[in-house]
Amino acid sequence: MTLLDAARRARETGQPQLLVEAMPFASYLGLTLDLRGDELVCTLPADRRFLGNPVLDSLHGGATAGLLECTATLALLWHKPREVVPRTIDFSIDFLLSGKMQPAFAHARLLKFGRRIANVHVEAWQTDRARPIGAGHGNFLLA
């Protein structure tokens with residue numbers, strides 16, 4: 001099943017997790033995707049594979065970055081169906097706080113959605129949504 005087929009089936013059945021299962025990197029990260037009302041929330045589990053600094057018991061920045069970019073792509077596939085998979089043009093990340101070895105959550109806001117380009121903002125947090133550990137901003141090609 002292709003990613004576009006998975007996106008179509010996920011929307012039809014109301015099961016966003018089907019998107020994660022069709023995206024190899026998201027599956028590797030062990031992401032889960034849940035609908036909370038109208039909001040799509042992506043969760044990165046606490047996994048020792050993603051340990052960045054063993055002294056601080058902190059989350060690796062690459063895991064945080066992967067969570068942010070996957071969340072943006074998954075949100076585009078869920079909210080704005082297309083005939084092509086969105087491709088990253090650029091994606092910048094702000095690391096705001098050191099993530100701890102505990103689950104991290106992320107939510108994407110689609111700021112602009114044109115015919116060929118989408119602009120997305122993502123925030124990741126752990127225990128307190130008002131204290132994000134990272135934020136991402138990306139542009140995606142839709143054509």
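A short reminder: the numbers here are calculations on the coordinates, not readings from a lab. All values reported here derive from a predicted model rather than from experimental measurement. So basically every Cβ, Gly included, is an ideal-geometry build from the backbone, and we count neighbours across all protein chains shown.
Can you tell which of Asp47, Asp38, Asp128 shows the greatest fluctuation in a Gaussian network model of the chain with Cα springs below 10 Å?
Asp38
Net charge around His79, counting only other residues with Cβ within less than 12 Å of its Cβ (Lys, Arg = +1; Asp, Glu = -1)? Could you put the intermediate results ahead of the total?
Details: positive: Arg11, Lys80, Arg82, Arg109; negative: Asp38, Glu39.
Spelling it out: positives minus negatives among the neighbours equals +2.
Give, rounded to the nearest 20 debye, the magnitude of the charge dipole that the stretch 3-141 has about its Cα centre when Lys and Arg contribute +1 at Cβ and Asp and Glu contribute -1 at Cβ.
Values: 16 positive and 14 negative charges, 67 e Å.
Here the size comes out at about 320 debye.
Looking at Leu97, Val55, Ser27, which one has the Cα that reaches farthest to the positive end of the dipole of the chain (charges on Cβ: Lys, Arg +1; Asp, Glu -1)?
So the residue we want is Ser27.
Using only the alpha-carbon atoms, how far is helix 61-79 inclined from the longest principal axis of the chain? Give it as 0 to 90 degrees, nearest 10.
Once rounded, one gets 20 degrees.
Net charge around Ile133, counting only other residues with Cβ within less than 15 Å of its Cβ (Lys, Arg = +1; Asp, Glu = -1)?
Working: positive: Lys100, Arg129, Arg131; negative: Asp57, Glu69, Asp94, Glu123, Asp128.
Every neighbour counted, the sum reads -2.
Angle between the Cα long axis of helix 3-13 and the longest principal axis of the chain, 0 to 90 degrees, nearest 10?
Relative to the chain, helix 3-13 is tipped by roughly 90 degrees.
Could you please state, rounded to a whole Å, how far the C-alpha centre of the stretch 98-122 is from the C-alpha centre of the stretch 17-61?
The stretch 98-122 and the stretch 17-61 have Cα centres separated by 13 Å.
So what are the ³J(HN,Hα) numbers for the stretch 137-142, from phi and the Karplus equation (6.51, -1.76, 1.60; θ = phi - 60°), rounded to whole Hz, Gly and Pro as x?
Those phi angles translate into 9, x, 10, 10, 7, 10 Hz.
Most fluctuating residue of Arg116, Arg11, Arg87 in a GNM of the chain with Cα springs under 10 Å: which is it?
In the Gaussian network model the winner is Arg116.
Estimate the FRET efficiency between Arg8 and His137 by the formula 1/(1 + (r/R0)^6), using the beta-carbon distance for r and 25 Å for R0, to the nearest 0.05.
On the way: r = 28 Å, r/R0 = 1.10.
It comes to 0.35.
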